[in-house]
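Just below is one structure, and these are the notes that go with it.
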Amino acid sequence: MTGLEAITFDFGNTLVPFPAAPMADVLSLTAERAGSRVGFRADDFARVWSEERLRQFDEDVPAGHEADMDVRVVRVLARLRGCSMPGVGERWDDVAAAGFSEPPEVASILDTYAEAFVETTPVPSEIEPMLERLARRYEVGILSNWPLALAIDRYIEAAGWSRHLSAVVVSQRVGFVKPRPEIFEVAARELRVVSGPAILHVGDDAGADVRGAQRVGWRAAWVRVKPEDSPLPTAPPAPDALPEIVIDSVLDLEAAVGLRGGATTT
């Protein structure tokens, strides 16, 4: 691919597969550790967490905003401590909900989640060598929709990927999710590459990754194979999204951009 200066990767189901079981383990471990700390049963903590997660997806994601996990923790603690949840069609009063917890307590639970996330999510062994090879030639970054940037930061550090990355852009920090253009423009600035065809974005979600990248003039690679039972949310279908590269696995990318041999479909 001539003129290519930078490559960004989606995180979940692109660099790291997320089938249902490991994601359930993260919540289970978080509920066990955090629930006991704040004085509630793990199953009650996990149930309320799951309900508020779905509520956030319904309220925030259609508007292009991330379902921030810090907001979720505040709401979970408020409900567990007797605050009435909103009725159908109503939104949380987050100022009132915050009165049921203290900021250090919320930070502790987020820390617990990030710890459980790193502990229970396997690191694919082939990714670090690929990132190292790509970083010799391109600026490389991660551009991810994720509700807790802390979890990705810690995972990247534990996996040994940090030294190969010029940017780590996560929707929670930006305030917008892919395919909103704002998050792509933030990534271009952090990569220090002019936003446009000099950047290739690689992701598994045609609606979020392919359509979002191409709307800002980037090139796009679509990873079409991912766990069928993954609980990660996806953008609405984008049948008109036409990626420049289509690959079965992110590990096929190097061949697709002409760096070394391997199977790919373009």
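All of the numbers you see were taken from the coordinates with simple rules; none came from a lab. Predicted, not measured: the structure shown is a model, and the values here were computed from it. As a convention, Cβ positions derive from the backbone with ideal geometry for all residues, glycine included, and neighbour counts pool all protein chains shown.
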message: What does the extension gain come out to for Ser36 and Arg192, with contour length at 0.36 nm per residue minus their alpha carbon separation?
response: 51.7 nm
- line: Per the charge dipole of segment 21-119 (beta-carbon charges, Lys/Arg positive, Asp/Glu negative, Cα centre), the residue among Phe117, Val61, Val74 reaching farthest to the positive end is Val74
- prompt: Given the Cα atoms of segment 21-119, and with Rh set as the inverse mean 1/r over their pairs in the Kirkwood sense, what is Rg to Rh to two decimals?
  reply: 0.95
- request: Report, largest value first, the span of the C-alpha coordinates of the chain along each principal axis, in whole Å.
  value: 59, 35, 33
task: Multiply the residue gap between Ala24 and Asp60 by 0.36 nm, knock off their C-alpha separation, and tell me the result in nm, one decimal place.
output: 10.7 nm
- prompt: Between Asp94 and Asp248, how many nm apart are label points set 7 Å from Cα along the C-beta direction?
  reply: 4.3 nm
- request: Could you pull the Cα extents of segment 65-158 along its three principal axes, largest to smallest, in whole Å?
  value: 53, 26, 19
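Just in segment 7-110: which trypsin sites (Lys or Arg not before Pro) are loop by DSSP and have at most 16 other Cβ atoms within 10 Å?
On the way: sites: Arg33, Arg37, Arg41, Arg47, Arg53, Arg55, Arg72, Arg75, Arg79, Arg81, Arg91; in loops: Arg41, Arg81, Arg91.
Taking segment 7-110 and a limit of 16 other Cβ atoms within 10 Å, the loop trypsin sites (Lys or Arg not before Pro) found are Arg41, Arg81, Arg91.
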Separation between Cα centres of segment 122-158 and segment 166-206, rounded to whole Å: 14 Å
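Could you work out [θ]222 nm for the chain from helices alone, using -39500 (n - 2.57) per DSSP H run of at least four and dividing by all its residues? Round to the nearest 500 deg cm²/dmol. It would help to have the intermediate numbers written out before the result.
Details: 11 runs with 115 residues, N = 266.
Per the formula, -13000 deg cm²/dmol.
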field: Whole-Hz ³J(HN,Hα) from phi, Karplus 6.51 cos²θ - 1.76 cosθ + 1.60, for segment 98-111, glycine and proline x
entry: 5, x, 9, 8, 10, x, x, 5, 4, 4, 5, 5, 5, 4
message: Rounding to the nearest 10 and keeping the result within 0 to 90°, find how far the Cα-based axis of helix 69-80 lies from the longest principal axis of the chain.
response: 20 degrees
field: Other-chain or far-sequence residues with amide H under 5 Å of Phe9's (modelled H)
entry: Gly141, Ile142, Leu143, Val202
- prompt: So what J values fall out for segment 123-137 if you push phi through Karplus, 6.51 cos²θ - 1.76 cosθ + 1.60 with θ = phi - 60°, rounded to Hz, Gly and Pro as x?
  reply: 9, x, 5, 7, 6, 4, x, 5, 4, 4, 5, 5, 5, 5, 10
- line: the chain, Gaussian network, Cα under 10 Å: of Gly12, Gly35, Gly87, the residue fluctuating most is Gly87
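So which trypsin sites (Lys or Arg not before Pro) in segment 165-221 end up in coil per DSSP with only 13 or fewer other C-beta atoms within 10 Å?
Arg192
Can you tell me the dipole magnitude for segment 1-70 around its Cα centre, using point charges on the Cβ only (Lys, Arg +1; Asp, Glu -1), in Debye to the nearest 20?
Around 340 debye, computed over segment 1-70.
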